[in-house]
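Heads up: the structure comes next, in structure tokens.
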Amino acid sequence: MAGLSAPFSTSALDKWIRLADKRPINDLASDDDFWIAIRGEYNLKPDYINLENGYYNILPKEILENYIKHIREVNYQGSYYMRTVQFDNKKNMAAKVAELLGCTTDELVLTRNTTESLDMIIGGFRWNAGDEAVMAEQDYGSMLEMFRQVSKRYGTVNKILSIPNHPASDDEIVNLYANAITPKTKLLMVCHMVNITGQILPIQKICDMAHSKGVQVMVDGAHAVAHIRFAIPDLHCDYYAASLHKWLTVPLGVGMLYVRRDNINKIWPLLAEAERKEDDISRLNHIGTHPVHTDLAVSDAIDFYHKIGGERKEARLRYLQQYWTTKVRNLSNVILNTPADPTRSCAIANVGIKGMKPAEMAETLLKNYRIYTVAIDGANVHGCRITPNIFTTVSELDVLVKALSEMGV
């Protein structure tokens, strides 16, 4: 085990993964030896068990070293780089993300994060007084705040529903959104994966329902890209956004925005751009001078994702979550805020302790068990979000199970 934890050379890692190619995905998902080897590709702080990987995924060493090389190269070329190849390189990186997500290159641009991407749609939508938008209280706070600002500015109406933590079926979720739509509804926002619970929502069904009522759909996919496998066209959405510093492990500062081709001319840019055709998505992509070397790391991150294997990664993440949740779900002192059905979640889950505030719970986990996580206390979710990564071991999750078994007793 100790030997497997040592950093792998690129050739050794490639050889290890080639051997894994011959094994069934589900069999490999539970093989800690394989994933401990992958763990060697990360430089992890030993002071605590990191179970808060949803906010920012630590970069593998391979990506980190390439990122540093990109910084040096851009600095070496200076203004020459910025005035000659910067924009072509950004388009090339956007094309790689588009290929990963199955959409066309003229429907996707790189941004700085999910918030910027979705706020661009919310703020750039052509609103009139009395128009309605539908969303959930479990949606990300920054977007809810943007809708509130738009409401104050244009006189729009925000209809906020609440998503059940344990839905009986897809229909329950779809009908919840359907019942909130009126003839005045123009835009519906929905999470692909609810950030505070990890629940995966039936996006295609929601989109089809909304479109049948003449309503466009904007999807917050902050946690879905490179976490679960999907193609954007299969979702039938109008807009999709994600932060690539999460599960794709791009350095901080890169997000993506997809706008279905026939919607591009309907959105005002966040920042004014020079004259462009109305259906040119680049008109939505002007953000001024920014750390362009970060864009270059997109290619490195996608290469690493493909090397690990999307199907392998998703299976391991789902295995890790199911490993600990099945051990504590029936404990009398534990409240799980994530569906038991493994198809309705992946790595992320949320757990609470009866009679204990989430902030106290997070503090106890860190102080007494050296487990770092994040407290969630609102929107019908009261507990700590637990987010392992592919470098997380079963023995680390055993510490979590022990902690939850002892807390609140």
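Collect the residues in the range 183-196 that are touching a residue at least 24 places away in the same chain (Cβ under 8 Å), part of a loop (DSSP other than H, G, I, E, B) and over 12 Å from the mean Cα position of the chain (by Cα), keeping them in residue-number order. Please lay out each step first, then the result.
Kept after step one, since they are touching a residue at least 24 places away in the same chain (Cβ under 8 Å), are these residues of the range 183-196: 184-196.
Imposing the further condition that a residue be part of a loop (DSSP other than H, G, I, E, B) reduces the set to 184, 192, 194-196.
Residue satisfying the conditions is Lys184 alone.
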Inset, instruction - Determine which single condition Val409 fails, assuming it passes every other condition in (1) modelled with pLDDT under 95; (2) in contact with a strand residue (DSSP E or B) (Cβ under 7 Å, 6 or more places away or on another chain). - result: (2)
Legend entry - Hey, Gly123 within 26 Å of Ala241 (Cα to Cα) and more than 18 Å from the chain's Cα centre (by Cα) or not: yes
Inset, instruction - Evaluate the following for Ala180: is it in a loop (DSSP other than H, G, I, E, B) and either surrounded by fewer than 16 Cβ atoms within 10 Å (Cβ to Cβ) or in contact with a Ser or Thr (Cβ under 9 Å, 6 or more places away or on another chain) (or both)? - result: no
Inset, instruction - Specify the residue that is surrounded by the fewest Cβ atoms within 10 Å (Cβ to Cβ); the eligible residues are those in the range 382-403 that are assigned to a loop (DSSP other than H, G, I, E, B) and not aliphatic (A, V, I, L, M). - result: Thr393
Legend entry - Which numbered condition Ala133 fails, given (1) small (Gly, Ala, Ser); (2) touching a strand residue (DSSP E or B) at 6+ places or on another chain (Cβ under 8 Å); (3) surrounded by fewer than 23 Cβ atoms within 10 Å (Cβ to Cβ): (3)
Legend entry - Residues that are within 13 Å of Trp247 (Cα to Cα) and either touching a helix residue (DSSP H, G or I) at 6+ places or on another chain (Cβ under 8 Å) or not in a helix (DSSP H, G or I) (or both), drawn from the range 278-308: Val298, Ala301, Ile302, Phe304, Tyr305, Ile308
Inset, instruction - Looking only at the range 90-97, decide whether some residue is hydrophobic (A, V, I, L, M, F, W, C), out of contact with any helix residue (DSSP H, G or I) (no Cβ under 7 Å at 6 or more places or on another chain), surrounded by 16 or more Cβ atoms within 10 Å (Cβ to Cβ) and on the phi < 0 side of the Ramachandran plot. - result: no
Inset, instruction - Select from the range 271-305 the residues that are closer than 30 Å to His211 by Cβ and crowded, with 19+ Cβ neighbours inside 10 Å and list them in ascending order. - result: Ile281, Arg283, Leu284, Asn285
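Mind checking which strands (runs of 3 or more DSSP E) fall wholly inside the range 97-173 and carry at least 2 residues that are farther than 19 Å from Ile232 by Cα and hydroxyl-bearing (Ser, Thr, Tyr)?
none
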Legend entry - Residues of the range 293-349 classified as touching a Cys at 6+ places or on another chain (Cβ under 9 Å) and either farther than 25 Å from Leu101 by Cβ or of a type in the set (Lys, Arg) (or both), total: 1
Inset, instruction - Quickly run through the range 360-381 and pick out the residues that are assigned to a helix (DSSP H, G or I), free of Cβ contacts under 8 Å to residues at least 24 places away in the same chain and surrounded by 16 or more Cβ atoms within 10 Å (Cβ to Cβ). - result: Ala362
Legend entry - Arg72 surrounded by 15 or more Cβ atoms within 10 Å (Cβ to Cβ) and either at pLDDT below 95 or not aliphatic (A, V, I, L, M) (or both): no
Inset, instruction - Name the residue, out of Thr114, Thr156, that is hydroxyl-bearing (Ser, Thr, Tyr) and under 27 Å from Val250 (Cα atoms). - result: Thr114
Legend entry - Residue among Leu244, Leu252, Leu248 that is assigned by TED's automatic domain parsing to the domain that holds Lys91, crowded, with 24+ Cβ neighbours inside 10 Å and touching a residue at least 12 places away in the same chain (Cβ under 8 Å): Leu244
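Applying the selection to the range 24-45, what residues are assigned to a helix (DSSP H, G or I) and charged (D, E, K, R)? Even if it seems obvious, please write down each step before you answer.
To start, the set of residues in the range 24-45 that are assigned to a helix (DSSP H, G or I) comprises 25-29, 32-39.
Matches in the range 24-45: Asp27, Asp32, Asp33, Arg39.
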Legend entry - Any chance Met82 is of a type outside the set (Lys, Arg), exposed (fewer than 15 other Cβ atoms within 10 Å of the Cβ) and touching a residue at least 40 places away in the same chain (Cβ under 8 Å): yes
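The values are calculated or read from the model by the stated rules, or taken from the named source; none is laboratory data. Since the structure is predicted, the reported quantities are computational estimates derived from the model, not experimental observations. All Cβ positions, even for glycine, are placed from backbone atoms using ideal geometry, and neighbour counts span all protein chains on display.
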